[in-house]
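Chemist: Please read through the structure below; I'll follow up with questions.
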Amino acid sequence: MKKTKVRRTDFSFIKVENKSKKVYDSLSKTVFIGKKVLYLPTCHSTNDIAAEIVRAPFFSEGTVVITDQQTAGRGQRGNQWLTSQGQNFTFSLVLKPNFLEISEQFLLSQAVALGVRAYLAQYAPGSCVKWPNDLYIDSRKVGGILIENSLQGTRLAHSIVGIGLNINQQQFEAVRASSLSRETGSTYSLTEEFPRLLQWLESYYLRLRSGRQQEIRQEYLQYLLGYQQQRNFRANERSFRGTIAGISNTGKLQLTLADGTRPEFGVKEIEWTWED
Ligand code: BTN
């Protein structure tokens with residue numbers, strides 16, 4: 001008997017009570033990112049739901065999981081990611097960047113950060129990236145990225161790209177936190193804006209996939225907050241000033257210090273401290 005290939009596109013394998021397609025449906029402006037969208041009014045973490053999708057026998061690259069509220073949102077360095085319900089973008093995107101060696105994984109982080117920055121820059125000219133991949137408008141953080149990779153041999157197999165981007169939220173507890181709306185004075189329709197954001201993400205991802213890696217590295221430096229400027233840092237229980245001289249291919253922050261030395265730091269090895 002001839003076997004028919006069953007393609008499960010309805011996310012029936014995801015065990016959540018509140019699946020709904022009403023708000024963010026499949027998006028037509030892109031080639032593959034956002035063609036399949038799972039919208040959940042609430043969930044624990046979209047990265048965790050995306051991990052379930054990646055474990056399924058077949059899934060499409062570009063699948064998006066988006067929510068209005070996470071009950072256990074995760075940030076960088078083991079931090080929580082907390083945002084107001086239904087006011088911001090909180091989503092994860094599933095990619096298969098198997099063209100990247102493990103040693104090149106920071107390029108994905110750079111491409112994603114540049115895609116979000118380009119989206120923000122349409123409305124806020126001061127949009128930039130703070131190393132390694134925080135989204136800033138001038139000196140305030142409006143978004144963050146948490147990428148979780150799975151590997152196959154020496155290459156990346158799947159990446160779950162989790163993005164939290166503050167759009168309409170007005171009140172924040174952290175002094176340096178803000179939103180696109182607070183920085184520009186306008187409010188934005190999330191459902192109208194989301195396809196635009198995905199277009200920018202796809203455009204940078206396709207650039208990366210077509211081998212334009214040097215271009216990505218250069219553009220990252222162009223929009224890197226504090227590049228070639230003196231800033232305050234704390235590492236090894238010591239506070240010091242240093243000039244951001246560059247970023248290594250593996251994503252380390254390269255500083256030039258007053259004594260002429262050029263140390264490199266990984267994400268967990270250094271903290272940026274603000275003057276005020
Ligand atoms: C950071 O600490 O700056 C990164 C924050 C990343 C948050 C996003 S929100 C969607 C996705 N799901 C999560 O649990 N975290 C990421």
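Chemist: Check off (1) open to solvent by less than 40 Å² (accessible area, probe 1.4 Å); (2) at positive phi for residue 88 and give me the number that stays unchecked.
Modeler: Every listed condition holds for residue 88 apart from (2).
Chemist: Residues of region 148-171 being in contact with a strand residue (DSSP E or B) (Cβ under 9 Å, 6 or more places away or on another chain) and open to solvent by 40 Å² or more (accessible area, probe 1.4 Å), which ones? Write out each step before concluding.
Modeler: First, pick out the residues of region 148-171 that are in contact with a strand residue (DSSP E or B) (Cβ under 9 Å, 6 or more places away or on another chain): 148-152, 154-167, 169.
Within region 148-171, 148, 149, 150, 151, 152, 154, 155, 158 qualify.
Chemist: Please state which of the following conditions residue 110 fails to meet, knowing it meets all the rest: (1) more than 11 Å from the ligand (Cβ to nearest atom); (2) more than 17 Å from residue 148 (Cα to Cα); (3) modelled with pLDDT of 95 or more; (4) surrounded by 22 or more Cβ atoms within 10 Å (Cβ to Cβ).
Modeler: All conditions are met except number (2).
Chemist: Now for a separate question. Please enumerate the residues belonging to region 244-268 that are assigned to a helix (DSSP H, G or I) and surrounded by 13 or more Cβ atoms within 10 Å (Cβ to Cβ).
Modeler: From region 244-268, those assigned to a helix (DSSP H, G or I) are 267-268; that's our starting set.
Scanning region 244-268 gives a single hit, 267.
Chemist: State which residue is farthest from residue 202 (Cα to Cα) when the search covers only region 75-107 and only residues that are aliphatic (A, V, I, L, M) and either touching a Lys or Arg at 6+ places or on another chain (Cβ under 8 Å) or within 11 Å of the ligand (Cβ to nearest atom) (or both). First the steps, then the outcome.
Modeler: We begin by selecting, within region 75-107, every residue aliphatic (A, V, I, L, M); these are 82, 93-95, 100, 102, 107.
Filter again for either touching a Lys or Arg at 6+ places or on another chain (Cβ under 8 Å) or within 11 Å of the ligand (Cβ to nearest atom) (or both), leaving 82, 93, 100, 102, 107.
Values: 82: 26, 93: 11, 100: 16, 102: 21, 107: 14 Å.
Filtering first and then ranking leaves 82.
Chemist: Now a separate question. From the residues in region 135-145 that are under 21 Å from residue 190 (Cβ atoms) and either surrounded by fewer than 20 Cβ atoms within 10 Å (Cβ to Cβ) or not assigned by TED's automatic domain parsing to the domain that holds residue 48 (or both), which one is farthest from the ligand (Cβ to nearest atom)? Please lay out each step first, then the result.
Modeler: Step one: filter region 135-145 for residues under 21 Å from residue 190 (Cβ atoms), giving 135-137, 140-145.
Within this subset, residues satisfying the condition of being either surrounded by fewer than 20 Cβ atoms within 10 Å (Cβ to Cβ) or not assigned by TED's automatic domain parsing to the domain that holds residue 48 (or both) are 140-141.
Working: 140: 13, 141: 7 Å.
Across region 135-145, the extreme among qualifying residues is 140.
Chemist: Quick check: anything in region 197-204 open to solvent by less than 60 Å² (accessible area, probe 1.4 Å) and part of a loop (DSSP other than H, G, I, E, B)? Steps first, answer last, please.
Modeler: So the first thing to find is which residues in region 197-204 are open to solvent by less than 60 Å² (accessible area, probe 1.4 Å), and the list is 197-198, 201-204.
Still in the running and part of a loop (DSSP other than H, G, I, E, B): none.
Checked against the condition, which is being open to solvent by less than 60 Å² (accessible area, probe 1.4 Å) and part of a loop (DSSP other than H, G, I, E, B), region 197-204 yields no hits at all.
Chemist: Sticking with this one: Within region 113-130, which residues are outside any helix (DSSP H, G or I), crowded, with 21+ Cβ neighbours inside 10 Å and within 15 Å of the ligand (Cβ to nearest atom)?
Modeler: 128, 129, listed by residue number.
Chemist: Now for a different question. Which of the residues spanning region 226-263 are within 23 Å of residue 139 (Cα to Cα) and of a type in the set (Ser, Thr, Tyr)? Don't jump to the end; show me each part of the working.
Modeler: Within region 226-263, the subset within 23 Å of residue 139 (Cα to Cα) is 226-235, 239-247, 251-257.
Those that are within 23 Å of residue 139 (Cα to Cα) and of a type in the set (Ser, Thr, Tyr): 227, 239, 243, 256.
Chemist: I'd like the full set of residues that are open to solvent by less than 80 Å² (accessible area, probe 1.4 Å) and within 9 Å of the ligand (Cβ to nearest atom), limited to region 64-74.
Modeler: Step one: list which residues in region 64-74 are open to solvent by less than 80 Å² (accessible area, probe 1.4 Å), which gives 64-70, 72-73.
Answer for region 64-74, where residues must be open to solvent by less than 80 Å² (accessible area, probe 1.4 Å) and within 9 Å of the ligand (Cβ to nearest atom): 65, 66, 67, 70, 72, 73.
Chemist: Just to be sure before I move on: is residue 77 open to solvent by 10 Å² or more (accessible area, probe 1.4 Å), within 26 Å of residue 155 (Cα to Cα) and without any contact (Cβ under 8 Å) to a residue 12 or more places away in the chain in the structure I sent? Walk me through it before giving the result.
Modeler: On the way: open to solvent by 10 Å² or more (accessible area, probe 1.4 Å): yes; within 26 Å of residue 155 (Cα to Cα): yes; without any contact (Cβ under 8 Å) to a residue 12 or more places away in the chain: no.
Criteria not met by residue 77.
Chemist: Which of the residues spanning region 136-168 are basic (Lys, Arg) and under 18 Å from the mean Cα position of the chain (by Cα)? Give the derivation first.
Modeler: Keep residues of region 136-168 that are basic (Lys, Arg), which gives 140-141, 155.
Scanning region 136-168 gives 140, 141.
Chemist: Right, something else. Regarding residue 225, is this residue in contact with a Pro (Cβ under 7 Å, 6 or more places away or on another chain), open to solvent by less than 50 Å² (accessible area, probe 1.4 Å) and more than 30 Å from residue 32 (Cα to Cα)? Break it down into steps so the answer makes sense when it comes.
Modeler: On the way: in contact with a Pro (Cβ under 7 Å, 6 or more places away or on another chain): no; open to solvent by less than 50 Å² (accessible area, probe 1.4 Å): yes; more than 30 Å from residue 32 (Cα to Cα): yes.
Judged against the criteria, residue 225 is not a match.
The values are calculated or read from the model by the stated rules, or taken from the named source; none is laboratory data. Just so you know, these numbers come straight off a predicted model, no measurement behind them. Note that each Cβ is placed from the backbone with ideal geometry, even for glycine, and that neighbours are counted across all protein chains shown. Just so you know, the surface numbers come from the protein's heavy atoms only, side chains and all, with ligands and any DNA or RNA stripped out. Shrake-Rupley method; radii C 1.70, N 1.55, O 1.52, S 1.80 Å.
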